Every structure is written in structure tokens, then in C-alpha cells.
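Read through the structure below, which is laid out as C-alpha cells, and then see the notes.
The values are calculated or read from the model by the stated rules, or taken from the named source; none is laboratory data. Here the structure is a predicted model, which is why all the values come from computation and not from measurement. Every residue, glycine among them, receives a Cβ derived from its backbone with ideal geometry; neighbour counts consider all protein chains shown.
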Amino acid sequence: MSGVLQTRLGGGTVVKSDLIPTELLAETTELKIGEVAGVLEARRLLEPRVAQLAALYMDEGDLQRLRATIDLLRHGAETRERFVLFELRFHMALARATKNTTIVELVRTLFRRLEIVRDMAMHEPEEAGRAIAIHERTLRAICAGDPDEIEAAMDEHLSYLERLWEEETGGARLRRGLHLLGPNPGAGRI
């Protein structure tokens, strides 16, 4: 009914569109406001590593999908809802580039739980421009394959949504440990 899947005569179903309506992505249970900080913290731990793995395993097809998604963010996101969908598409393409189905499922779950926060983003046109620039820097860092450059780009990428959440909720609701993790959390520790 939403145009995402198409049933073939004689059997079988194929994916017709990667643009999944946000109402289909929403969790069946609502995420409590107090739980959002934990989801942002989980994202902080997971996504930089996803980007680093994508840099290792990405093929030309993955690169083309990521570039195409940034083009869609730039030219095809006439509404905030479409912008959010294309941004989700970027992160899912990044997860798929790792060639690890468990990571793809983790990222999918993470983004379902982040729905409440992502809905706050992209209120103004300049925010969309800034978000596009962050996605472009992230992709350049991944293409360069430098783990420190990827870490820095992902820090900027993640900090943007974390700051929006803190501003929208009226204060620093993220746990202090989130900002103390810094690059390569756990490095040098047992």
C-alpha cells in the first residue's frame, strides 16, 4: 500500500523503493523522552565504527549509492519528511557497505528508536545545508580511509543531532560520559 514492495504475478515480492514512509519505520511502542539520551549514546558508540568498517569493505556500488543519496539530500528533498528519509537512506547504505547483516540490523533498530529526535531536525533551510555538508565530509573521510579522519567527521555528524536534542529539551540531558568517550573509546584499556 505504501509503494515500497511489489508482488509479482506467480509469486515473489521485490523491493520497489528504498523510500520507506516514516510511519512504517516507527516503533510500535513509543520511546520515552528519558530513553532518548541512551539511544544517542548507543549511536555515538556504534556509528563511527560502522563508518570505519564501511571504509574497509565498501565497493564501487556502495560508493555510488552514498553519493546518489547525498545528491538526493541536495536536490530531491523538497520537504522535511523526504530529507529525513534520504538521511536515513544514507546511514542504511553506510551500514550495508560494511557487508555485515548484524550491523545493518543494529543500525536499522537504532534509527527506528531515533525517530523522535530526527523529527526535530531540519526545521530551517540553513540546517539542511549544514546537514548536507556534514554528510559530504563524512563520505570524504570514509573514502580517504583514515580512521582518525572518519572519527572526526562522525563526531561532527553525531554532535549535530545531540546538540539539537539538548536545545529542544531545554538542557544537557545527555550523560556526561558520552562526551568523555572521545575518539576510540576503550583504546588502551582492558
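This table checks each residue for (1) under 23 Å from P147 (Cβ atoms); (2) surrounded by fewer than 19 Cβ atoms within 10 Å (Cβ to Cβ); (3) of a type in the set (A, V, I, L, M, F, W, C); (4) in contact with a Gly (Cβ under 9 Å, 6 or more places away or on another chain).
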position: L56; (1), (2), (3), (4): yes, yes, yes, yes
position: R67; (1), (2), (3), (4): yes, yes, no, no
position: E81; (1), (2), (3), (4): no, yes, no, no
position: L88; (1), (2), (3), (4): no, no, yes, no
position: H91; (1), (2), (3), (4): yes, no, no, no
position: L94; (1), (2), (3), (4): yes, no, yes, no
position: K99; (1), (2), (3), (4): yes, yes, no, no
position: E105; (1), (2), (3), (4): no, yes, no, no
Please determine, by comparing only the residues of region 107-127 that are β-branched (V, I, T) and surrounded by 20 or more Cβ atoms within 10 Å (Cβ to Cβ), which one is modelled with the lowest pLDDT.
V117
Please go through region 93-104 and give me each residue that is under 15 Å from D59 (Cα atoms) and either not in a loop (DSSP other than H, G, I, E, B) or not small (G, A, S) (or both), ordered by number.
A93, L94, A95, R96, T98, K99, N100
Is there a residue being over 26 Å from D59 (Cβ atoms), outside any loop (DSSP other than H, G, I, E, B) and at pLDDT below 80 anywhere in region 150-159?
no
